[in-house]
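Quick notes on the structure that follows.
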Amino acid sequence: VWTEQERAFIQEIFGKLNYEEAGPKALSRVLIVYPWTQRYFGNFGNLYNAEAIINNPMVAAHGKVVLRGLERAMKNMDDIKNTYKELSVLHSEKLRVDPDNFKLLADCLTIVIAASMRNSFTPEKQAAWQKFLAVVVSALCRQYY
Ligand code: ZNH
(Lines give C-alpha, C1' and ligand atoms only; values in the text may rest on other atoms or scores of the structure.)
Protein backbone atom coordinates (compact mmCIF):
# COMPACT_ATOMS: atom_id res chain seq x y z
CA VAL A 1 0.00 0.00 0.00
CA TRP A 2 1.37 3.36 -1.07
CA THR A 3 0.77 6.77 0.43
CA GLU A 4 0.06 9.68 -1.88
CA GLN A 5 3.39 11.13 -0.78
CA GLU A 6 5.26 7.98 -1.77
CA ARG A 7 3.52 7.88 -5.15
CA ALA A 8 4.45 11.52 -5.74
CA PHE A 9 8.10 10.87 -4.83
CA ILE A 10 8.37 7.85 -7.13
CA GLN A 11 6.78 9.81 -9.99
CA GLU A 12 9.15 12.69 -9.37
CA ILE A 13 12.22 10.47 -9.39
CA PHE A 14 11.15 8.84 -12.67
CA GLY A 15 10.38 12.26 -14.09
CA LYS A 16 13.89 13.44 -13.36
CA LEU A 17 15.51 10.22 -14.53
CA ASN A 18 17.45 10.47 -17.76
CA TYR A 19 17.11 6.91 -19.13
CA GLU A 20 19.84 7.41 -21.71
CA GLU A 21 22.29 8.20 -18.97
CA ALA A 22 21.11 6.43 -15.82
CA GLY A 23 20.34 3.04 -17.42
CA PRO A 24 23.81 2.50 -18.89
CA LYS A 25 25.47 3.92 -15.76
CA ALA A 26 23.59 1.65 -13.39
CA LEU A 27 24.15 -1.53 -15.40
CA SER A 28 27.81 -0.81 -16.07
CA ARG A 29 28.29 -0.15 -12.35
CA VAL A 30 26.86 -3.57 -11.50
CA LEU A 31 29.18 -5.25 -14.00
CA ILE A 32 32.24 -3.41 -12.65
CA VAL A 33 31.51 -3.54 -8.92
CA TYR A 34 30.20 -7.12 -8.96
CA PRO A 35 32.19 -8.73 -11.80
CA TRP A 36 30.51 -12.15 -11.42
CA THR A 37 27.39 -10.57 -12.91
CA GLN A 38 29.26 -10.47 -16.24
CA ARG A 39 28.61 -14.16 -16.72
CA TYR A 40 25.02 -13.46 -17.80
CA PHE A 41 26.16 -11.19 -20.59
CA GLY A 42 28.45 -13.56 -22.48
CA ASN A 43 26.97 -12.42 -25.80
CA PHE A 44 27.64 -8.73 -25.07
CA GLY A 45 31.20 -8.77 -26.39
CA ASN A 46 34.03 -6.94 -24.69
CA LEU A 47 33.61 -6.58 -20.89
CA TYR A 48 37.34 -6.80 -20.31
CA ASN A 49 37.75 -3.82 -17.99
CA ALA A 50 35.79 -0.87 -16.60
CA GLU A 51 36.45 1.28 -19.64
CA ALA A 52 35.32 -1.46 -22.03
CA ILE A 53 32.15 -1.99 -19.99
CA ILE A 54 31.32 1.72 -19.91
CA ASN A 55 31.86 2.04 -23.67
CA ASN A 56 30.05 -1.17 -24.61
CA PRO A 57 26.98 -0.25 -26.68
CA MET A 58 25.16 -3.49 -25.76
CA VAL A 59 25.55 -2.72 -22.06
CA ALA A 60 24.23 0.80 -22.69
CA ALA A 61 21.25 -0.50 -24.67
CA HIS A 62 20.41 -3.10 -22.06
CA GLY A 63 20.63 -0.53 -19.27
CA LYS A 64 17.84 1.38 -20.98
CA VAL A 65 15.79 -1.82 -21.41
CA VAL A 66 16.02 -2.44 -17.66
CA LEU A 67 14.86 1.11 -16.87
CA ARG A 68 11.92 0.76 -19.23
CA GLY A 69 11.16 -2.46 -17.36
CA LEU A 70 11.18 -0.51 -14.11
CA GLU A 71 8.91 2.11 -15.63
CA ARG A 72 6.30 -0.61 -16.11
CA ALA A 73 6.40 -1.22 -12.36
CA MET A 74 6.00 2.52 -11.70
CA LYS A 75 2.96 2.65 -13.99
CA ASN A 76 1.45 -0.39 -12.24
CA MET A 77 2.44 0.38 -8.67
CA ASP A 78 -0.57 -1.37 -7.20
CA ASP A 79 0.04 -4.60 -9.08
CA ILE A 80 3.78 -5.00 -9.48
CA LYS A 81 3.69 -8.73 -8.77
CA ASN A 82 1.43 -9.51 -11.71
CA THR A 83 3.13 -6.96 -13.93
CA TYR A 84 6.41 -8.80 -13.44
CA LYS A 85 5.11 -12.32 -13.61
CA GLU A 86 6.54 -13.11 -17.04
CA LEU A 87 9.73 -11.17 -16.41
CA SER A 88 10.29 -13.19 -13.26
CA VAL A 89 9.77 -16.48 -15.13
CA LEU A 90 12.17 -15.27 -17.85
CA HIS A 91 14.91 -14.41 -15.34
CA SER A 92 14.55 -17.62 -13.38
CA GLU A 93 13.87 -20.25 -16.03
CA LYS A 94 15.48 -18.94 -19.17
CA LEU A 95 18.20 -16.51 -18.10
CA ARG A 96 18.88 -18.28 -14.77
CA VAL A 97 19.93 -15.06 -13.12
CA ASP A 98 20.73 -15.55 -9.42
CA PRO A 99 18.05 -13.42 -7.72
CA ASP A 100 20.61 -11.88 -5.33
CA ASN A 101 21.72 -9.85 -8.34
CA PHE A 102 18.43 -7.92 -8.51
CA LYS A 103 19.28 -6.27 -5.23
CA LEU A 104 22.77 -5.38 -6.49
CA LEU A 105 21.32 -3.69 -9.55
CA ALA A 106 18.76 -1.88 -7.42
CA ASP A 107 21.51 -0.55 -5.16
CA CYS A 108 23.65 0.60 -8.09
CA LEU A 109 20.67 2.39 -9.58
CA THR A 110 20.03 4.16 -6.27
CA ILE A 111 23.64 5.35 -6.22
CA VAL A 112 23.32 6.68 -9.76
CA ILE A 113 20.10 8.50 -8.86
CA ALA A 114 21.59 9.93 -5.67
CA ALA A 115 24.60 11.24 -7.58
CA SER A 116 22.38 12.83 -10.19
CA MET A 117 19.69 14.34 -7.89
CA ARG A 118 22.17 15.31 -5.19
CA ASN A 119 20.52 17.36 -2.41
CA SER A 120 17.05 16.92 -3.82
CA PHE A 121 17.26 13.16 -3.12
CA THR A 122 16.05 13.66 0.45
CA PRO A 123 15.87 10.83 2.99
CA GLU A 124 12.07 10.76 2.55
CA LYS A 125 12.43 10.33 -1.21
CA GLN A 126 15.07 7.68 -0.68
CA ALA A 127 12.75 5.84 1.71
CA ALA A 128 9.95 5.76 -0.89
CA TRP A 129 12.43 4.75 -3.60
CA GLN A 130 13.93 1.89 -1.55
CA LYS A 131 10.45 0.62 -0.79
CA PHE A 132 9.58 0.71 -4.50
CA LEU A 133 12.75 -1.20 -5.41
CA ALA A 134 12.15 -3.73 -2.63
CA VAL A 135 8.72 -4.49 -4.10
CA VAL A 136 10.25 -4.75 -7.59
CA VAL A 137 12.96 -7.13 -6.37
CA SER A 138 10.49 -9.29 -4.50
CA ALA A 139 8.21 -9.45 -7.58
CA LEU A 140 11.15 -10.47 -9.77
CA CYS A 141 12.08 -13.18 -7.22
CA ARG A 142 8.57 -14.52 -7.08
CA GLN A 143 8.77 -17.21 -9.78
CA TYR A 144 11.95 -18.71 -8.38
CA TYR A 145 11.76 -21.94 -6.44
ZN1 ZNH B 1 17.09 -8.35 -16.65
C2 ZNH B 1 16.58 -9.13 -20.00
C3 ZNH B 1 14.37 -6.20 -16.77
C4 ZNH B 1 17.75 -7.30 -13.46
C5 ZNH B 1 20.08 -10.10 -16.72
N6 ZNH B 1 15.76 -7.79 -18.11
C7 ZNH B 1 15.70 -8.22 -19.40
C8 ZNH B 1 14.59 -7.61 -20.07
C9 ZNH B 1 13.98 -6.79 -19.18
C10 ZNH B 1 14.71 -6.90 -17.93
C11 ZNH B 1 12.75 -5.89 -19.39
C12 ZNH B 1 14.18 -7.83 -21.54
C13 ZNH B 1 13.18 -8.96 -21.55
C14 ZNH B 1 12.68 -9.31 -22.92
O15 ZNH B 1 13.41 -9.20 -23.90
O16 ZNH B 1 11.50 -9.74 -22.96
N17 ZNH B 1 16.21 -7.03 -15.35
C18 ZNH B 1 15.10 -6.26 -15.57
C19 ZNH B 1 14.77 -5.51 -14.37
C20 ZNH B 1 15.72 -5.83 -13.43
C21 ZNH B 1 16.62 -6.77 -14.07
C22 ZNH B 1 13.59 -4.57 -14.23
C23 ZNH B 1 15.92 -5.36 -12.05
C24 ZNH B 1 15.50 -4.30 -11.47
N25 ZNH B 1 18.63 -8.67 -15.34
C26 ZNH B 1 18.71 -8.14 -14.09
C27 ZNH B 1 19.95 -8.56 -13.45
C28 ZNH B 1 20.62 -9.35 -14.36
C29 ZNH B 1 19.77 -9.40 -15.54
C30 ZNH B 1 20.37 -8.16 -12.07
C31 ZNH B 1 21.94 -10.04 -14.25
C32 ZNH B 1 22.89 -9.74 -13.43
N33 ZNH B 1 18.14 -9.44 -18.08
C34 ZNH B 1 19.37 -10.07 -17.90
C35 ZNH B 1 19.78 -10.72 -19.13
C36 ZNH B 1 18.77 -10.45 -20.09
C37 ZNH B 1 17.76 -9.64 -19.39
C38 ZNH B 1 21.04 -11.53 -19.32
C39 ZNH B 1 18.74 -10.88 -21.56
C40 ZNH B 1 19.59 -9.88 -22.31
C41 ZNH B 1 19.74 -10.14 -23.78
O42 ZNH B 1 19.22 -9.34 -24.55
O43 ZNH B 1 20.36 -11.13 -24.15
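From the list K81, K85, K103, K94, pick out the single residue that is open to solvent by 50 Å² or more (accessible area, probe 1.4 Å), under 24 Å from Q143 (Cβ atoms) and more than 13 Å from the ligand (Cβ to nearest atom). Reasoning before the result, please.
Values: K85 fails: more than 13 Å from the ligand (Cβ to nearest atom); K103 fails: more than 13 Å from the ligand (Cβ to nearest atom); K94 fails: more than 13 Å from the ligand (Cβ to nearest atom).
Answer to the selection: K81.
Looking at A114, A52, A128, A60, which one is more than 12 Å from the ligand (Cβ to nearest atom), touching a Pro at 6+ places or on another chain (Cβ under 6 Å) and open to solvent by less than 80 Å² (accessible area, probe 1.4 Å)? Explain how you work it out, then say what you get.
Values: A114 fails: touching a Pro at 6+ places or on another chain (Cβ under 6 Å); A52 fails: touching a Pro at 6+ places or on another chain (Cβ under 6 Å); A128 fails: touching a Pro at 6+ places or on another chain (Cβ under 6 Å).
The unique qualifying residue is A60.
Could you look through the stretch 1-22, keep only residues that are free of Cβ contacts under 8 Å to residues at least 12 places away in the same chain and not in a helix (DSSP H, G or I), and pick out the one that is surrounded by the most Cβ atoms within 10 Å (Cβ to Cβ)?
In the first step, residues of the stretch 1-22 are kept if they are free of Cβ contacts under 8 Å to residues at least 12 places away in the same chain; the result is 1, 3-4, 8, 15.
So of that shortlist, the ones also not in a helix (DSSP H, G or I) come out as 1, 3.
Numbers: V1: 4, T3: 9.
Top of the filtered list is T3.
Table: residues versus (1) in contact with a Lys or Arg (Cβ under 9 Å, 6 or more places away or on another chain); (2) part of a helix (DSSP H, G or I); (3) free of Cβ contacts under 8 Å to residues at least 40 places away in the same chain.
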| site | (1), (2), (3) |
| --- | --- |
| P24 | yes, yes, no |
| R39 | no, yes, yes |
| G42 | no, yes, yes |
| E51 | no, yes, yes |
| I54 | yes, yes, yes |
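The values are calculated or read from the model by the stated rules, or taken from the named source; none is laboratory data. Here the structure is a predicted model, which is why all the values come from computation and not from measurement. All Cβ positions, glycine included, derive from the backbone under ideal geometry; neighbour counts span all protein chains shown. Ligands, DNA and RNA are excluded from the accessible area calculation, which covers all protein heavy atoms including side chains. Shrake-Rupley method; radii C 1.70, N 1.55, O 1.52, S 1.80 Å.
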